[in-house]
Amino acid sequence: MDLNIVGISGSPVRNGNTDSFLDYMLTYSKNYDAKAQAVYLSELEISDCVHCNFCISKQKKNKYCTHDDDAQLVFEMVEKADILILASPVHFMRTSSLLASFIDRLRVFVFGNVAGGRLKNKLGVSAAVAWARHGGLETTHLSHIYAFMTLEMIPVSARKCISPMGASAMSGAAGQRTAKPDQKSGIKLDKAGLHSAQVIVDRAVELANLMKPKLG
């Protein structure tokens, strides 16, 4: 079955640990012959939502929001996805401000007169990278899971790994506080984190295969 997976990285550091973790997940998903695409918010110009309510009554094809920026391209990618991955570094025990700002812009799929409801029943996967194993991973996952629930998406959980809430990686080996300022790919040393990425992707694909025939 054809599956379309879109992953969004909310790291301000291009090619850092979060981007690398997301890339690992998307590469792994190709074992299922999935179409996998990555969006790196650090490369885009996306404004903050100003709650102007344009999206409630003025949406039209190819313009879901009043802002003229890079968000519309991402909206259209997300709308076509079967599985959406939100990936973020842990910043102050939560998702990054970059990703939080983009999540606010997903309001176009909640209230939009054209796009409202178009993410309903899609699968949402959370991914997070922290510098310590108990340093905000699960609260970051909650930031993403609350967004999925608000959009009436289905959050994906997986029990047979270090966290049922999402893919959880460390920027240093073995969950130790060993990351160096210039270490941009420490996640590659975190075997438990990489395993959690595989398990959550496996589960997302399993659910997608169960659901897609019914939704299609």
Going by how many other Cβ atoms sit within 10 Å of their own, how do 65, 161 line up, fewest first? 161, 65
Between (1) 0.98; (2) 1.03; (3) 1.15, which matches Cα Rg over 2.2 N^0.38 Å calculated for the structure shown? (1)
Set of aspartates and glutamates near residue 60 by C-alpha distance (under 13 Å), chain-local residues within fewer than 8 positions excluded: 76
Excluding residues on the same chain fewer than 8 positions from residue 212, give the lysines whose Cα lies under 20 Å from its Cα. 30, 35, 80, 120, 122
At a 10 Å Cβ-Cβ cut-off, how would you order 29, 196, fewest neighbours first? 29, 196
Going by amide H atoms built from the backbone, whose H comes under 5 Å of the H on residue 38, apart from near neighbours? 7
Once amide H atoms are placed 1.01 Å from N in the peptide plane, what residues at a sequence separation of 5 or more from residue 3, or on another chain, have their amide H within under 5 Å of its amide H? 35
Given charges at Cβ of Lys, Arg, Asp, Glu: the chain dipole, positive-most of 117, 12, 204: 204
May I ask you to evaluate 6.51 cos²θ - 1.76 cosθ + 1.60, the Karplus curve with θ = phi - 60°, for each residue of region 103-111 and list the ³J(HN,Hα) values in order in whole Hz, giving x for glycine and proline? 4, 4, 5, 5, 3, 4, 8, 9, 10
Determine the dipole magnitude for region 90-148: charges of +1 sit on the beta-carbon of Lys and Arg, -1 on that of Asp and Glu, nothing else is charged, the reference point is the Cα centre, and the result goes in debye to the nearest 20. 180
Antiparallel DSSP beta bridges within the chain, as percent of all bridges there, nearest 5: 10
In nm, what is the difference between 0.36 nm times the number of residues separating residue 191 and residue 50 and their Cα-Cα distance? 46.7 nm
Tell me, what ³J(HN,Hα) does each residue in region 123-130 have, in order and in whole Hz, if you take phi through Karplus 6.51 cos²θ - 1.76 cosθ + 1.60 with θ = phi - 60° and put x for Gly and Pro? 9, x, 10, 9, 9, 8, 10, 10
Simple label model, 7 Å out from Cα along Cβ direction - residue 101 to residue 31, nm: 3.6
Let me know the charge dipole size of the chain about its Cα centre in debye, to the nearest 20, where only the beta-carbon of Lys, Arg (+1) and Asp, Glu (-1) is charged. 420
Using each residue's phi in region 67-82, evaluate 6.51 cos²θ - 1.76 cosθ + 1.60 at θ = phi - 60° and report the 3J(HN,Hα) Karplus result to the nearest Hz, with x for Gly and Pro. 5, 9, 8, 7, 5, 4, 4, 5, 3, 5, 5, 5, 4, 8, 7, 8
What does the extension gain come out to for residue 70 and residue 150, with contour length at 0.36 nm per residue minus their alpha carbon separation? 26.5 nm
Which residues make up the longest stretch of the chain clear of GluC sites (Glu not before Pro) that lie in a DSSP loop with no more than 14 other Cβ atoms within 10 Å, not counting the sites? 46-151
Potential extension, residue 92-residue 210 segment - 0.36 nm per residue separation minus Cα distance: 38.8 nm
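Quick note: the coordinates plus some simple rules give every number you see, no bench work behind them. Since the model is a prediction, treat every value here as computed from it, not as a measurement. Note that we place each Cβ from the backbone using ideal geometry, even for glycine, and neighbour counts take in every protein chain shown.
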